[in-house]
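Encoded as structure tokens, the structure appears first; notes follow it.
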Amino acid sequence: MILCLAADRVPPNIMRKNAYNFSELEPKWRKYWEESGLFRVQADSAKQKFYCLVMFPYPSGTLHVGHARNYVIGDVVVRYKLMRGFNVFSPMGWDSFGLPAENAAIKEKIPPAEYTSKNIAAMKEQLLVWGTGYDWTSEITASGPDYYKWTQWVFLKLYEKGLAYKKKAFVNWCPSCSTVLANEQVLEGRCERCDNAVTQKDLEQWFFKITDYAQRLLDDLQQLEHWPERVKLMQRNWIGRSEGAMVEFMIEGKDIPLPCFTTRPDTLFGATFMALAPEHPVIETFIDALAEGDPKRDEILEFVEKARNESIIERSAAGAPKEGIFTGHYVINPVNNDRVQLWIANYVLMEYGTGAVMSVPAHDQRDFEFARQYGLPVRVVIQPEGEAIDPDTMKEAFTGDGVQVNSGQFDGLPNSEAKGEITKYLKKDNRGERSVNYKLRDWLISRQRYWGAPIPIVYCEKCGTVPVPEDELPVVLPDIKNFGSAKGSPLAREENFVNTKCPKCGGEARRETDTMDTFVDSSWYYLRYLSPRDDKRAFDSGVVNRWLPVDQYIGGVEHAILHLLYSRFITKVLHDLGFVDFQEPFQNLFTQGMIIKGGAKMSKSKGNVVSTESIIERYGVDSLRLYLLFIGPPERDAEWTDRSVVGGFRFLKRLWQKVASHADELKGVKRWEGDVGSLPDDSRGIYRATNRVIKEVTKDIEGSWHFNTAIAAVMELFNEVEKFEPGDAVSRQVLRHSLESMALLLSPFVPHICEEMWERLGNEPGIFEREWPSYDHGAVEEEQLEIVLQINGKVRSRLTVSPDTGEDEIKAMALEDEKIKGFLNGKKVVKIISVPRKLVNIVVK
RNA sequence: GCGAGGGUGGCGGAACUGGCAGACGCGCUAGAUUUAGGAUCUAGUGGGUAAACCCCGUGGGGGUUCGAAUCCCCCCUCUCGCACCA
């Protein structure tokens, strides 16, 4: 629109021919890529493979510029690798099971399948318009029976291996989504999806035994050299390995052992009480032992009930008040036979360790606070060197290193040594041993929701829990009408679904009505892409072993723990089962930054989304892409500014004008490939600058994806080239070389315009089948060096010399420089520092 | 509280292993062209200053160095992750 107006004053014939008509040329080239099969992977190719994977999206509806940035970053890599001669595999699919579709069904009465496919169509259209290149022949949809059949197969494999199991446990419950959640899906005590407070429920649920793999998931992080440190650190912390000892206390007079985990066996002599989590099972026996109506019984019951009902937020809030109650029982400290009180305390977590902790107030801050609050004894067993801590006057726990005191035969040992010694001592009597504990808990995969893969399990009165045989998969998700958020899973209300025959005995049986967490779907999808239509197996091991690990994975940091940990786990399981050869699915991981607007992440719920449509309409896709890549380094968050998009557009338009206006005279000429030295001055400058920029852009892309500086370098070059008007044959060759190089260098970023420019310059269409440009090594050297002259580190003058000028010669020239002489006046030269090719610093007094 | 990453013009951001701070772009100012413009072109644009080749400037303070945005120490601040993990 603007262009037509802007071009008003240009004669119409030239205008039509030379206008940057992006709305015409962009679809033209997208069609060309599709028809030429540019992004279709080559089945048999001698070329080296490159599996470039971007995290497949949840089909939420329409995508905004923040999403566009993610996919464009991936597309740059794909196009660059193509030009580098790789056999690139770049698939795309849909993580299409999940709650929003079901909520839409409840609210708007649209069936989830319909809602989902509508969104997929809209998003696919956007991805196509953005020019992001995928091999659409391998598209997958997680909610399709041909996919979730194999998600169910993965479940069965884990079940066979004993890695999928059902247990009753206190689990996270989101009342608003009316489903349980994995630990990873609870953020600050709130549901990851809907932000409502999560409560605890004692339910029987399906779990994947990820804890069996805790150590390997931790160890193998070391192999992931090309993962961001930040992500590896987050996983390390989440796995949360602690070394220590398991120590067995005995309940006095009951002969009931009460093991507890501690990282500080060196403080065992200082244990002055013991604390149980309110959920600890032994508490029931205490309550049962007390007569009905006993006030102590009521007191304990009340305390336990209250603590159990506290939401995770209340219980885990920083500085939450510590509360507890004495059980009336005592336990015996195995190391010194001390009789200490057994308490129930709200700060003890059932999920970690054994749900019982030995409390050492002198050396643990939590225990200290608790002890002071309830008047429990404090005993110092470690004294820091040169200090004497007094248990009566200390203001906080001492957690540092020191020497053992009040610790029997261990007195005098440094506490670091006592750790091992005391553990050994316990081991002798079988009262304790070395132990490792992890924060990681098993992955809760049951969801009481409809829009997910049904768990392929049948319950038979006779045979018990029976897995659905592989040849009966998929357990099809039935079409249902009633999504109301009443109690239980919607599937549980479908009699036709629930009632079935036992696969083993053929008798009456009931189906499992929970579906799987959608993270199960996404934990193996990168394997399915390689044989998406195979109806005989989940994936082809041979093919998968050739293509995996993924060479480049690209996605948001928000998946640093959830998806990336689960995928690593499932890969290891499949490895152990002999299905794949590799143990880590993703060799390189790139986590891109978010687009921020008005200080917040761009999102529908924040109401700060910028849609791509209006920008594309006004400036074209290439301008949008250019801006998204130019906005900053791709791994960093970036603030969106509407008006800045125009900068990229102006640049492209100017570049276009230059190419279009010279296309005719350049068509027949060869690009310059001769010797730099033989070029006349102005052409030589352009030629050298072009070669330098080829080198620079290549380095920026290869290194750490500094697309912003790569683009800046081409802009800078063009600012020179734009002024260059060729007068003779040689200068036309040089101009052609320069314009062609720029088209090649920019093509991964702004592919449409580059294809068009490439063709206009008289080349065969298909710039991505061309090689990435190389540079003339003899032409990247500067002809003249500018030497900075400093006095005491301050720039005072400059010198232009040829690169072969000797160091002494430069020093002499520096001292002769007029401006320098002025500064030297009356001062004494102490020394002269010279940095070759860069500067001379004269130190004076 | 613990851990990680940031803080550079009006804005987004450049600055390779310490060596010209502010590339490139947005915006802004002046001029040209234009009846109009989210159009185009030219010049300028960190602050001080009439102006500069002068002085000051990379969150603050100290240090190392001929020379520090960059290295060291202390502090402030923002973002993210974890958070009573025994």
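The values are calculated or read from the model by the stated rules, or taken from the named source; none is laboratory data. Keep in mind it's a predicted model, so treat the numbers as computed, not measured. Note: ideal-geometry Cβ built from the backbone for every residue, glycine included; neighbour counts use all protein chains shown. All accessible areas refer to the heavy atoms of the entire protein, side chains included, with ligands and DNA or RNA removed. Shrake-Rupley method; radii C 1.70, N 1.55, O 1.52, S 1.80 Å.
Taking the stated definitions as given, is A:THR393 more than 26 Å from A:VAL436 (Cβ to Cβ), polar (S, T, N, Q) and either surrounded by fewer than 16 Cβ atoms within 10 Å (Cβ to Cβ) or within 15 Å of RNA strand B (Cβ to nearest atom) (or both)? Outline the logic, then answer.
Working: more than 26 Å from A:VAL436 (Cβ to Cβ): yes; polar (S, T, N, Q): yes; either surrounded by fewer than 16 Cβ atoms within 10 Å (Cβ to Cβ) or within 15 Å of RNA strand B (Cβ to nearest atom) (or both): yes.
Answer is yes for this residue.
Quick one: A:VAL843 ticks every box in (1) assigned to a strand (DSSP E or B); (2) modelled with pLDDT under 85 bar one, so which box is it?
Result: A:VAL843 passes all but (2).
With A:GLY402, A:GLY408 as the choices, which residue is surrounded by 14 or more Cβ atoms within 10 Å (Cβ to Cβ) and not polar (S, T, N, Q)?
On inspection, the qualifying residue turns out to be A:GLY402.
Table: residues versus (1) open to solvent by 30 Å² or more (accessible area, probe 1.4 Å); (2) in contact with a Cys (Cβ under 6 Å, 6 or more places away or on another chain).
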residue: A:ILE455; (1), (2): no, no
residue: A:LYS462; (1), (2): yes, yes
residue: A:LYS501; (1), (2): yes, no
residue: A:THR513; (1), (2): no, no
residue: A:LEU527; (1), (2): no, no
residue: A:GLY555; (1), (2): no, no
residue: A:HIS559; (1), (2): yes, no
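Could you please find all residues in the stretch A:802-811 being outside any helix (DSSP H, G or I) and out of contact with any Lys or Arg (no Cβ under 9 Å at 6 or more places or on another chain)?
Within the stretch A:802-811, the first condition is being outside any helix (DSSP H, G or I), and the residues that meet it are A:802-806.
Scanning the stretch A:802-811 gives A:SER802, A:ASP804, A:THR805, A:GLY806.
How many residues does the stretch A:67-76 contain that are open to solvent by 10 Å² or more (accessible area, probe 1.4 Å) and not hydroxyl-bearing (Ser, Thr, Tyr)?
Within the stretch A:67-76, residues that are open to solvent by 10 Å² or more (accessible area, probe 1.4 Å) and not hydroxyl-bearing (Ser, Thr, Tyr) number 2.
So how many residues does the stretch A:562-614 have that are more than 30 Å from A:PHE22 (Cα to Cα), within 11 Å of RNA strand B (Cβ to nearest atom), aliphatic (A, V, I, L, M) and surrounded by 19 or more Cβ atoms within 10 Å (Cβ to Cβ)?
1
Could you check the stretch A:371-390 and list, in sequence order, the residues that are loosely packed, with under 12 Cβ neighbours inside 10 Å and in contact with an Asp or Glu (Cβ under 9 Å, 6 or more places away or on another chain)? Reasoning before the result, please.
Just the residues of the stretch A:371-390 that are loosely packed, with under 12 Cβ neighbours inside 10 Å, to begin with: A:375, A:385-388, A:390.
Result: A:GLU385, single match.
Can you find a residue in the stretch A:675-691 that is away from RNA strand B (no atom under 11 Å from the Cβ), within 22 Å of A:GLU24 (Cβ to Cβ) and touching a residue at least 24 places away in the same chain (Cβ under 8 Å)? Step through it out loud before you land on a result.
At the first step, the residues of the stretch A:675-691 found to be away from RNA strand B (no atom under 11 Å from the Cβ) are A:675-691.
With within 22 Å of A:GLU24 (Cβ to Cβ) added as a condition, the list becomes none.
No: the stretch A:675-691 contains no residue that is away from RNA strand B (no atom under 11 Å from the Cβ), within 22 Å of A:GLU24 (Cβ to Cβ) and touching a residue at least 24 places away in the same chain (Cβ under 8 Å).
Go through the stretch A:240-253 and give me each residue that's over 24 Å from A:GLY420 (Cα atoms) and either open to solvent by 80 Å² or more (accessible area, probe 1.4 Å) or outside any strand (DSSP E or B) (or both).
Looking only at the stretch A:240-253, we keep the residues that are over 24 Å from A:GLY420 (Cα atoms), and these are A:251-253.
Within the stretch A:240-253, A:GLU252, A:GLY253 qualify.
Under the condition of being in a helix (DSSP H, G or I) and not β-branched (Val, Ile, Thr), which residue from the stretch A:533-544 is surrounded by the most Cβ atoms within 10 Å (Cβ to Cβ)? It would help to see each step written out before you state the result.
Going residue by residue through the stretch A:533-544, those that are in a helix (DSSP H, G or I) are A:541-544.
The next check asks that each one be not β-branched (Val, Ile, Thr); those that pass are A:541-542.
Working: A:SER541: 15, A:GLY542: 11.
Here the answer is A:SER541.
Among (1) within 21 Å of A:VAL72 (Cα to Cα); (2) of a type in the set (Lys, Arg); (3) in a helix (DSSP H, G or I); (4) near RNA strand B (Cβ under 7 Å from one of its atoms), there is one condition A:ARG636 misses while meeting the rest; what is its number?
In the conditions (1) within 21 Å of A:VAL72 (Cα to Cα); (2) of a type in the set (Lys, Arg); (3) in a helix (DSSP H, G or I); (4) near RNA strand B (Cβ under 7 Å from one of its atoms), A:ARG636 misses (3) alone.
Which residue, of A:GLY620, A:GLY632, is in contact (Cβ under 8 Å) with a residue 60 or more places away in the chain and touching an Asp or Glu at 6+ places or on another chain (Cβ under 7 Å)? Before you say what the answer is, go through the steps one by one.
Details: A:GLY632 fails: touching an Asp or Glu at 6+ places or on another chain (Cβ under 7 Å).
From the options A:GLY620, A:GLY632, the qualifying one is A:GLY620.
Mind telling me which of the residues A:ASP202, A:ASP195 ends up being assigned to a loop (DSSP other than H, G, I, E, B) and acidic (Asp, Glu)?
On the way: A:ASP202 fails: assigned to a loop (DSSP other than H, G, I, E, B).
Every option except A:ASP195 fails the conditions.
Could you list, in sequence order, all residues of the stretch A:819-845 that are farther than 19 Å from A:LEU785 by Cα, within 11 Å of RNA strand B (Cβ to nearest atom) and out of contact with any strand residue (DSSP E or B) (no Cβ under 6 Å at 6 or more places or on another chain)?
Of everything in the stretch A:819-845, just one residue is farther than 19 Å from A:LEU785 by Cα, within 11 Å of RNA strand B (Cβ to nearest atom) and out of contact with any strand residue (DSSP E or B) (no Cβ under 6 Å at 6 or more places or on another chain), namely A:GLY822.
From the list A:THR262, A:THR354, exactly one residue is open to solvent by 20 Å² or more (accessible area, probe 1.4 Å) and within 14 Å of RNA strand B (Cβ to nearest atom). Which is it? Walk me through it before giving the result.
Details: A:THR262 fails: open to solvent by 20 Å² or more (accessible area, probe 1.4 Å).
One residue alone meets the criteria, A:THR354.
I need the full set of residues from the stretch A:790-812 which are open to solvent by 50 Å² or more (accessible area, probe 1.4 Å) and without any contact (Cβ under 8 Å) to a residue 24 or more places away in the chain, in order please.
Within the stretch A:790-812, A:LYS794, A:VAL795, A:ARG798, A:THR800, A:ASP804, A:ASP808, A:GLU809, A:ALA812 qualify.
Quickly run through the stretch A:219-231 and pick out the residues that are in contact (Cβ under 8 Å) with a residue 24 or more places away in the chain and either surrounded by fewer than 19 Cβ atoms within 10 Å (Cβ to Cβ) or within 13 Å of RNA strand B (Cβ to nearest atom) (or both).
Narrowing the stretch A:219-231 to residues in contact (Cβ under 8 Å) with a residue 24 or more places away in the chain: A:220, A:223-224, A:226-228, A:230-231.
Within the stretch A:219-231, A:ASP220, A:GLN223, A:HIS226, A:TRP227, A:PRO228, A:ARG230, A:VAL231 meet the criteria.
Look at the stretch A:412-427 and say how many of its residues are of a type in the set (Lys, Arg) and touching a residue at least 40 places away in the same chain (Cβ under 8 Å).
1
Quickly run through the stretch A:428-483 and pick out the residues that are more than 31 Å from the chain's Cα centre (by Cα), in a strand (DSSP E or B) and touching a residue at least 24 places away in the same chain (Cβ under 8 Å).
Hits for the stretch A:428-483 are A:GLY432, A:GLU433, A:ARG434, A:SER435, A:ILE457, A:VAL458, A:TYR459, A:CYS460, A:THR465, A:VAL466, A:PRO467.
All but one of (1) touching a Ser or Thr at 6+ places or on another chain (Cβ under 7 Å); (2) open to solvent by 30 Å² or more (accessible area, probe 1.4 Å) hold for A:LEU624; state the number of the condition that does not hold.
Evaluating A:LEU624 over (1) touching a Ser or Thr at 6+ places or on another chain (Cβ under 7 Å); (2) open to solvent by 30 Å² or more (accessible area, probe 1.4 Å) leaves (2) as the failure.
For a quick check of your reading of the model, give me the residue pairs whose first member lies in the stretch A:708-736 and is near RNA strand B (Cβ under 9 Å from one of its atoms), whose second is of a type in the set (Lys, Arg), with beta-carbon atoms closer than 7 Å and at least 6 apart or on different chains.
Matching pairs, first to second residue: A:GLU722/A:ARG654; A:GLU722/A:LYS658.
Test A:MET234 against the criterion of being touching a residue at least 24 places away in the same chain (Cβ under 8 Å), over 30 Å from A:LEU589 (Cβ atoms) and among the aliphatic types (A, V, I, L, M), and give yes or no. Spell out the reasoning first.
Values: touching a residue at least 24 places away in the same chain (Cβ under 8 Å): yes; over 30 Å from A:LEU589 (Cβ atoms): no; among the aliphatic types (A, V, I, L, M): yes.
Criteria not met by A:MET234.
Among the listed residues A:ALA743, A:ALA712, which satisfies the condition of being among the hydrophobic types (A, V, I, L, M, F, W, C) and either under 30 Å from A:MET813 (Cα atoms) or open to solvent by 10 Å² or more (accessible area, probe 1.4 Å) (or both)? Lay out the reasoning, then the answer.
Numbers: A:ALA743 fails: either under 30 Å from A:MET813 (Cα atoms) or open to solvent by 10 Å² or more (accessible area, probe 1.4 Å) (or both).
When all the criteria are applied, what remains is A:ALA712.
Of the residues in the stretch A:117-134, how many are touching a residue at least 24 places away in the same chain (Cβ under 8 Å), farther than 19 Å from A:GLU26 by Cα and not hydrophobic (A, V, I, L, M, F, W, C)?
1
Quick one: how many residues across the stretch A:183-207 are touching a Ser or Thr at 6+ places or on another chain (Cβ under 7 Å) and open to solvent by 50 Å² or more (accessible area, probe 1.4 Å)?
Residues in the stretch A:183-207 being touching a Ser or Thr at 6+ places or on another chain (Cβ under 7 Å) and open to solvent by 50 Å² or more (accessible area, probe 1.4 Å): 1 in total.
Mind checking which residues of the stretch A:373-417 are of a type in the set (Gly, Ala, Ser), farther than 26 Å from A:ALA345 by Cβ and within 45 Å of the chain's Cα centre (by Cα)?
Pass one, the stretch A:373-417, residues of a type in the set (Gly, Ala, Ser): A:375, A:386, A:388, A:397, A:400, A:402, A:407-408, A:412, A:416.
When the remaining residues are screened for being farther than 26 Å from A:ALA345 by Cβ, the result is A:386, A:388, A:402, A:408, A:412, A:416.
A:GLY402, A:SER416, listed by residue number.
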